[in-house]
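Scroll down for the structure; my scribbles are underneath it.
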Amino acid sequence: MTSNFPQMLRNSPLREVIFELRFIPSQPAAGDLLPGLLYSALQKDYSDMMTLPVATVPRQIRNQNPDLKYLASHRFSSGSHSVQIGDHSVLLQTTEYPGWSEFKNKVVTLLDALKKTEIVKQVERFSFKYINLIAASESERQLQFLKVRVELPGRAPNEKGFLLREESIEGKFITVTQVAPNATAKVSTLAHEISGLLIDVDTIRQVGNEFWTDHVTLLEEGHAIAKKNFFSLLTEATLQKLDPR
């Protein structure tokens, strides 16, 4: 599915990648139990552990508020990589993407350790979120970087404050793509922010416990769909600017 797309971009616009698994726990205090249960599997790669602010919110309130329910209460981290854990979710996040093969291995290691805890009663969904920002000046017409045409009566849209959101369905996957010109982002390798065109691709798959039967294949499918959605947006000129290999 991804054979026609580059394996890498030398001028990569990828600023952050997040894998998330949501689930129904077998224990009500899963977010407090999991850090200890996962510690032996995670301590080698994620040496720092901290409690996050949402942990101070009463669990009953968190469970009743959809904006809080899936937030992490604890985080393991090391450099640009982190694992975040809550009552109903675990996620792997990085701001320095090591490439798909290595990132997938980190995801599989986390999932295998999570399954062994027997805390997951029922898998609900998994997702990959890729946050890209193509550096550009405010004077550039940034929507022209994409194979997207938006017209208003008699004029092009004002890119300041512009936001485009679209949902697409492929098989059992839903991909939510958001585009915003003149966005800003911090880059871990730089001391300052950069600005440009934001392309946020979030590929989601609702799934039950059959996820455990063939999760590696499902991860590959999700990654391939997210990758296709990103590259299919780019004009040839934009792709060459990113120096594909």
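We did not get these values from a lab; they are worked out from the coordinates using the rules stated. Note that the structure is a prediction, hence the values are computed from the model and not measured. So basically every Cβ, Gly included, is an ideal-geometry build from the backbone, and we count neighbours across all protein chains shown.
Using only the Cα atoms of region 123-245, build the gyration tensor, take square roots of its eigenvalues as a ≥ b ≥ c, and label the shape rounded, prolate or oblate: rounded if a/c is under 1.5, else prolate if a/b is larger than b/c, else oblate. Numbers along the way, then the final one.
Details: a/c = 2.22, a/b = 1.72, b/c = 1.29.
It is prolate, given that a/c is not under 1.5 and a/b is the larger ratio.
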Just to check I understand the Karplus step: with θ = phi - 60° and J = 6.51 cos²θ - 1.76 cosθ + 1.60, what whole-Hz values come out for region 15-28, glycine and proline as x? 9, 7, 10, 9, 9, 10, 10, 10, 7, 9, x, 7, 10, x
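Suppose a student asked you for the relative contact order of region 14-241, using Cα pairs under 8 Å spaced at least 6 residues apart; what percent would you report?
Working: 420 pairs, mean separation 50.4, N = 228.
Once normalised by length, the contact order is 22 percent.
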Could you bin all the Cα-Cα distances of region 14-241 into 10 Å bins starting at 0 and give me the percent of pairs in each, rounded to whole numbers? 7, 29, 33, 21, 9, 1, 0
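If r is the Cβ-Cβ distance from ASN209 to ARG59 and R0 is 22 Å, what FRET efficiency results, to the nearest 0.05?
Values: r = 24 Å, r/R0 = 1.09.
Once the sixth-power term is evaluated, E becomes 0.35.
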Give, in nm to one decimal, the length gained when the segment between ILE169 and LYS147 is fully stretched (0.36 nm per residue of separation minus the Cα-Cα distance). 6.0 nm
